[in-house]
Structures are given as structure tokens and as C-alpha cells.
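Visitor: I have a structure I would like to understand better, so I am pasting it below and will then ask my questions one at a time.
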Amino acid sequence: MSRCLYPKIAPYFTDWITVDEHHQLYIEQSGNKDGIPVLYLHGGPGAGCSENYRRYFDPEKYRIVLIDQRGCGRSKPSPSLTHNTMWDLVNDLEKVRTHLNIDRWLVSGGSWGTTLALAYGISHPEKVLAFILRGVFLGSQQELDWLYQPEGAAKFFPEYYQEFIEPLSEEARKDPLSGYYQLLNSENELAMIAASQSWFLWELRLSTIEHHHLDKRHIEDKHQALCMAKISAHYFVNQCDLSPNYILEQISKIESIPATIIHGRYDMVCQIDVAYQLAKQWKNASLQILPYAGHSGFEQQTIDAFCKATDIMALFLEQ
């Protein structure tokens, strides 16, 4: 029987914690105060949390922790690129864990959230009970080229790609990622806002095979689009602050930690072969390929798989 999300719940605790002289992080907790601690990491980078992420987890069994990563969402300031690196984010997670008096937690996330989850686990393996990862992204140049160069996802969505590069000059179209980075950090506010919406729409269109005919009218949160575009471009022009093949080369540090990896067969944002290579090298990981799913965390098959994974993990961790 296909699963749906758990019913909507409100947080029992919200707060902002100061992580350095520039940033305060929004954090929230919901579910069972005495349950299994679980952290869910949002994508982007820069997308911020959805209230529906709480609904992947049984609220009677889990103590559910969500954060808006530094520089985005309800964190302050937002958007912000100041002191915003992968290793700042990893350190932030440790500060949140300590602040909440959590010894070890289940670390989960989707898309960019898997990148951050893996980087955190490699740095602090002793603090991780297990992983549940959806739509794996390892931050490699190959993955970035797939997203932004004309020989990748653009081959499947040529008309959408043409709209994506429309804000760029002919010269900038030779390197769309750098071109967008320049636009998104220009002093022309109107050009910056327009570019952020084009960036956001490109990924939105790639993310689901259940919804079609998406356009800028479907971008309901302009602030989210601006945060995601600015912060994603910032990370991607800096290769996510990771050396080439960093995660795969460091996987031995977490290979004994159990992991469930969920990936849509038709994911056009994060390539399935990346998840396949990760699972091959991670002896304690299992890969579930969803035959009729794309990238979105809220397609029917993905919801079913993720909720079942959290239920099974709860039984495993309660032993």
C-alpha cells in the first residue's frame, strides 16, 4: 500500500541561535521530545525548510529537528554569502546538536542536503546514528556540468534551457554558471531578481515528472528564489568547497554507519549513476531506485519510499 505524508504538525519549539558574529540560525523541533533525534537537511543550497519535511517522520517516534542553513530562509541575515562555506555549515550542525543536548542523531536530507549530510558525517561520524538520503548530490564538476552546460540536462529540456540562458549575454552563455554568478551579485537589483527567478524556475522544471507547464507564476516565494539562486551559484562556482571526489575518497570514515539511499530513476537534477557509485563504495548502504520518480521530495513514489524508510529506521534504532 502506498504511503502518504504524516499529518501536519506544528513545532513545539522554535529559536534562533547565534553561530558566529554574522549569522543566526533558525531551528525548530517537532514530534516527540523524547523520541529518536532526527535532523532533516534541506536542499538548494539556499532553499530553506518546508513544513512538510516534518511529515516524513512518525511524530510519536521521532524528535524532528529542522534548520534553515546559514544565509537563507528564516535564518538571519538572508540572503547572505558572508562566511558561508561548506565547513561553516558543518560546524553549524555541531553547534545545533550541542545546543539541543543531542548525543547522536539520525541525519537525513535531500539533494544538496545529502551533500551536507555526508560532509558532516565524514567530519563527525561518532555523532551519526544512521543516514536517510534522497536524491544524492556529491558536488562534483561532472554534476555541475550536467545541470548548467548545454550537453547535460539541457538535451532533455532544450526549450527550458533556452529560457534559462536568456538573461545571459552571448559571451556569458559560454559559461552559464559564472554568468549567473556575476548577475546575481551585480548592483542591478532588477537584473538580479529576474536572474534569480530564471535560475529557480530551471531547477523547478527539472525536479518533477508529475507536474508540467511550470512558469514564473509558479514561483510563489520570491525570497526563496533569491536565496537559492545566490547561494547555489556561490557554492557551485567554488566547487562546493570540496576537493575533487572528496566524498567518495572519504567514504571509509562512515562506511560502517547504516544508510538508506533513495533515488528517482528519472531524476534530472541529480544523476542516478552518482547514487549508484556512492552505494557501491559504501558497504553499509542500501540503494532504492524508484522506477517512476524524478527529483522532487514530494512525488508520490518518493513520499512512499521516504516515509517507509523512516518507519523501518525507527524500528532498527529502537532495538
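The values are calculated or read from the model by the stated rules, or taken from the named source; none is laboratory data. Note that the structure is a prediction, hence the values are computed from the model and not measured. FYI the Cβ positions are ideal-geometry reconstructions off the backbone, even for glycines, and counts take in every protein chain you see.
Visitor: Residues being in a strand (DSSP E or B) and either of a type in the set (D, E, K, R) or over 25 Å from Ser207 (Cα atoms) (or both): count how many of those fall in segment 39-63.
Guide: Result for segment 39-63: 2.
Visitor: How many residues does segment 15-47 contain that are among the charged types (D, E, K, R) and closer than 19 Å to Gly109 by Cβ?
Guide: Residues flagged as among the charged types (D, E, K, R) and closer than 19 Å to Gly109 by Cβ within segment 15-47 amount to 1.
Visitor: Further, regarding this structure: I'm checking my understanding of the structure. Among residues of segment 9-28 that are touching a Pro at 6+ places or on another chain (Cβ under 8 Å) and closer than 27 Å to Tyr235 by Cβ, which one is surrounded by the fewest Cβ atoms within 10 Å (Cβ to Cβ)?
Guide: His22
Visitor: Related question: Within segment 19-33, how many residues are touching a helix residue (DSSP H, G or I) at 6+ places or on another chain (Cβ under 8 Å), free of Cβ contacts under 8 Å to residues at least 40 places away in the same chain and charged (D, E, K, R)?
Guide: The total comes to 0.
Visitor: Of all residues in segment 148-165, which are under 17 Å from Asp273 (Cα atoms) and touching a Leu at 6+ places or on another chain (Cβ under 8 Å)?
Guide: Scanning segment 148-165 gives a single hit, Ala153.
Visitor: Condition first: in contact (Cβ under 8 Å) with a residue 40 or more places away in the chain and either in the same structural domain as Ile209 (by TED's automatic domain parsing) or among the polar types (S, T, N, Q) (or both). Now tell me which residues in segment 257-280 satisfy that.
Guide: Within segment 257-280, Thr260, Gln271 meet the criteria.
Visitor: Still on this structure, I have one more. Considering segment 209-240 alone, what residues qualify as being out of contact with any Gly (no Cβ under 9 Å at 6 or more places or on another chain) and β-branched (Val, Ile, Thr)?
Guide: Of everything in segment 209-240, those that are out of contact with any Gly (no Cβ under 9 Å at 6 or more places or on another chain) and β-branched (Val, Ile, Thr) turn out to be Ile219, Val237.
Visitor: Of all residues in segment 216-230, count the ones that are in contact (Cβ under 8 Å) with a residue 12 or more places away in the chain and over 15 Å from Pro167 (Cβ atoms).
Guide: 6
Visitor: Just to be sure before I move on: is Val90 touching a Ser or Thr at 6+ places or on another chain (Cβ under 7 Å), in a helix (DSSP H, G or I) and surrounded by fewer than 23 Cβ atoms within 10 Å (Cβ to Cβ) in the structure I sent?
Guide: yes
Visitor: Of the residues in segment 133-162, how many are within 18 Å of Trp202 (Cβ to Cβ) and assigned to a loop (DSSP other than H, G, I, E, B)?
Guide: 8
Visitor: If a residue counts only when it is among the acidic types (Asp, Glu) and touching a strand residue (DSSP E or B) at 6+ places or on another chain (Cβ under 8 Å), which helices (runs of 4 or more DSSP H) contained entirely in segment 210-319 have at least 2 such residues?
Guide: Because the criterion is at least 2 residues that are among the acidic types (Asp, Glu) and touching a strand residue (DSSP E or B) at 6+ places or on another chain (Cβ under 8 Å), no helices (runs of 4 or more DSSP H) in segment 210-319 meet it.
Visitor: Then there is this: Can you go through Leu184, Leu116 and tell me which one is at pLDDT 95 or above, in the same structural domain as Leu100 (by TED's automatic domain parsing) and either among the hydroxyl-bearing types (Ser, Thr, Tyr) or closer than 20 Å to Ser232 by Cβ (or both)?
Guide: Sole residue among the options that is at pLDDT 95 or above, in the same structural domain as Leu100 (by TED's automatic domain parsing) and either among the hydroxyl-bearing types (Ser, Thr, Tyr) or closer than 20 Å to Ser232 by Cβ (or both): Leu116.
Visitor: Quick check on my filter: what residues within segment 221-250 are surrounded by fewer than 15 Cβ atoms within 10 Å (Cβ to Cβ) and under 18 Å from His42 (Cα atoms)?
Guide: Asp221, Lys222, His223
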